[in-house]
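Data block below; observations after.
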Amino acid sequence: MAKIIDGKAIAADMRQEIADDTRSLIEQGVTPGLAVVLVGEDPASRVYVSMKEKACAAAGIFSVEHKLPATTSEVELLNLIAQLNGDERIDGILVQLPLPDHIDEGKVLEAISPAKDVDGFHPYNVGRLVTGNPLFQPCTPYGVMKMLERTGVELKGKEVVVVGRSNIVGKPVALMCLAEHATVTICHSRTVDLAQKVAAADVVIAAVGRPEMIKGEWIKPGAVVIDVGVNRVGDKKLVGDVEFAAACERAAAITPVPGGVGPMTITMLLYNTVESAKRRVAR
Ligand code: NDP
């Protein structure tokens, strides 16, 4: 039976460390600060923003929320970002996505100062990740890397198969594994014979968004499985992209859904904010 990689426990340990770091920064006269910008009334976005605020408060991080109406113009939003870029108290700026249709998401993300881009989505930070000299790394894939590290999974020389090639999970996590000297295969919707690709993997990272599409029988015995997928089936139940029970019979270690990668994303947002504040101290 696979060892269950407990994302909640890893996240709790990390949040304690982040709170300790925050306390020490405050003693040095710097309070880490995060600005969260929410445009419109999307219910899921509101929930995420309130979770982020609560997590900041629990860690001792200063956070300000800018809730703007859905009618906010692109220029108004860009002006707010310019103001936050220049605000000394703010180490991280997060614009909650998605934005309303009349606002160009790319333009907004590029307006955030790369030095405050705690989501790691600015092309500057993407470029630094690609060239192997990262500044801010995107939260969900970075959380996956921390989980692997804290579970003692060595990636050097391993075959890693990433299923999914999105800019927020698949591509960045593949680059991060490459930086750890894994041999990385990226699969997507046009991949031929996914089962065979997955079967060759020492580490499988699934970020697709299709309930249990990766079958337990595809998993190589002894492999490590990280399931980023979050899929609602029926009214309440959440499942991952991997057929969990069957994969448990073959994997050495696996993340559950929920309680796996999920709790790591906000944790890494706090982590990036505190790292940014440490750079402020060093300036
Ligand atoms: P996207 O929809 O942006 O990307 C999905 C990827 O899966 C695409 O690259 C797509 O390929 C690929 N794909 C789709 N169907 C297949 C298939 N049949 N075989 C192989 N690959 C396929 O999703 P995200 O990356 O944003 O998210 C992925 C999952 O992770 C979702 O369930 C999401 O909810 C979850 N997630 C969880 C987070 C957390 O836990 N904190 C944070 C972010 C995401 P193609 O490019 O060819 O279309």
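Computed with a 1.4 Å probe over protein heavy atoms only, the accessible surface of the chain comes to 47 Å² per residue.
Electrostatic tally near ILE186: other residues with Cβ closer than 14 Å to its Cβ, Lys and Arg +1, Asp and Glu -1, net +3.
Counting charges near GLU88 (Lys, Arg +1; Asp, Glu -1) among other residues having Cβ under 14 Å from its Cβ returns a value of +3. Counted by Cβ distance under 14 Å from ALA11, the other residues give a net charge of +2, where Lys and Arg count +1 and Asp and Glu count -1.
For the chain, the share of DSSP beta bridges that are antiparallel, to the nearest 5, is 10%.
With r as the distance between the Cβ atoms of VAL130 and ALA245 and R0 = 35 Å, compute the FRET efficiency 1/(1 + (r/R0)^6) and round to 0.05. It comes out at approximately 0.40. Here the Karplus curve 6.51 cos²θ - 1.76 cosθ + 1.60, taken at θ = phi - 60°, turns the phi angles of the stretch 193-206 into couplings of 6, 4, 4, 5, 5, 5, 5, 8, 8, 7, 9, 10, 10, 9 Hz, with x standing for Gly and Pro.
Over the chain, calculate the relative contact order: mean separation of alpha carbon pairs under 8 Å at least 6 apart, over the residue count, as a percent.
Details: 558 pairs, mean separation 64.4, N = 283.
Relative contact order of the chain: 23 percent.
Placing R0 at 51 angstrom, the Cβ-Cβ distance between SER113 and VAL192 gives a FRET efficiency of 0.75 after rounding to 0.05. For a straight C-alpha distance cut-off of 22 angstrom, the lysines reachable from LYS156 (same-chain residues fewer than eight places away being disregarded) are LYS3, LYS146, LYS171, LYS197, LYS220.
Rounded to the nearest 20 debye, the dipole size of the chain about its Cα centre is 440 debye, using +1 on the Cβ of Lys and Arg and -1 on the Cβ of Asp and Glu. Averaging the Cα positions of each part gives two centres, and for the stretch 98-136 and the stretch 15-73 these lie 18 Å apart.
May I ask for the percentage of alpha-carbon pairs in the chain that lie more than 32 Å from each other?
Tail of P(r) above 32 Å: 26 percent of Cα pairs.
Taking 0.36 nm per residue of separation and subtracting the Cα-Cα distance, full extension of the segment from LYS8 to LYS67 would add 18.4 nm.
Of the accessible area of the chain, with the probe set at 1.4 angstrom, what percent is carbon plus sulfur? C and S atoms contribute 53 percent here.
The values are calculated or read from the model by the stated rules, or taken from the named source; none is laboratory data. All values reported here derive from a predicted model rather than from experimental measurement. Ideal geometry is used to build each Cβ from the backbone, glycine not excepted, and the neighbour counts take in all protein chains shown. Heavy atoms of the whole protein, side chains included, go into the accessibility calculation; ligands, DNA and RNA do not. Shrake-Rupley method; radii C 1.70, N 1.55, O 1.52, S 1.80 Å.
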